Amino acid sequence: MAEALRRSLLVLLVAGGTALWTVPGLAQEEEQEEGEPSVLLIMDSSGSMRADDGTGRPKIDAAKEALVTLVDEIPEGSQVGLRVYGHRVPNTDMPRGCRDTELIVPVGPLDRRDMKARIATYEATGFTPIGLSLARGAEDLPPEGPRTIILVSDGIDTCAPPDPCDVARRLARRDIDLRIEAVGFQVDARARRQLR
């Protein structure tokens with residue numbers, strides 16, 4: 001499943017014209033992995049995703065298209081979930097907006113039609129609580145087995161603390177079976193550094 005997931009991520013990259021970064025030290029070699037692999041997709045639905053993706057359409061539409069393509073490519077029987085942030089609270093209410101992260105589809109057997117329908121419903125709205133979403137995302141996954149978080153975002157956390165780099169370092173120290181893949185959409189230099 002891990003190799004198939006990597007191929008699926010390449011499809012996501014091609015579909016979205018994006019860059020991918022893996023947080024170092026968050027996963028063992030594939031031969032050492034045991035247990036049922038699970039994947040959590042984290043989708044950025046913050047206000048900045050309304051910006052042009054470079055082709056004349058909003059980044060949120062490109063992200064949705066890329067995620068739908070990824071869902072089509074994920075192997076049958078995979079355990080997959082979806083968390084979305086920045087989708088409920090407008091970017092005029094920072095205290096509430098910085099807590100706006102929600103598990104939409106709990107990690108479980110992939111229902112492609114339902115997952116794609118859920119992805120399609122979100123619009124770019126609020127703030128960017130990446131650190132909080134990563135921390136909650138790690139809790140969304142099962143406690144054992146190889147786990148992957150795929151973060152699809154265009155930018156920098158606007159809500160720290162918690163700082164997403166601190167969260168990733170804490171997860172790396174605590175859990176060697178967790179891999180975080182960050183997929184950046186039209187990111188600037190500062191956001192690229194954070195996502196990397």
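Since every read-out is calculated from the coordinates, none of them should be taken as a lab result. For clarity, every value in this text was computed on a predicted model and none was experimentally measured. Here the Cβ is made from the backbone with ideal geometry for all residues, glycine too, and neighbour counts use every protein chain on show.
Of the residues 112, 96, which is touching a helix residue (DSSP H, G or I) at 6+ places or on another chain (Cβ under 7 Å), surrounded by fewer than 18 Cβ atoms within 10 Å (Cβ to Cβ) and among the basic types (Lys, Arg)?
112
Residue 149 - would you say it is free of Cβ contacts under 8 Å to residues at least 40 places away in the same chain and of a type in the set (A, V, I, L, M, F, W, C)?
So residue 149 fails the test.
With the structure loaded, tell me whether residue 55 is in contact with a strand residue (DSSP E or B) (Cβ under 7 Å, 6 or more places away or on another chain) and not in a helix (DSSP H, G or I) or whether it fails that test.
No: the conditions fail for residue 55.
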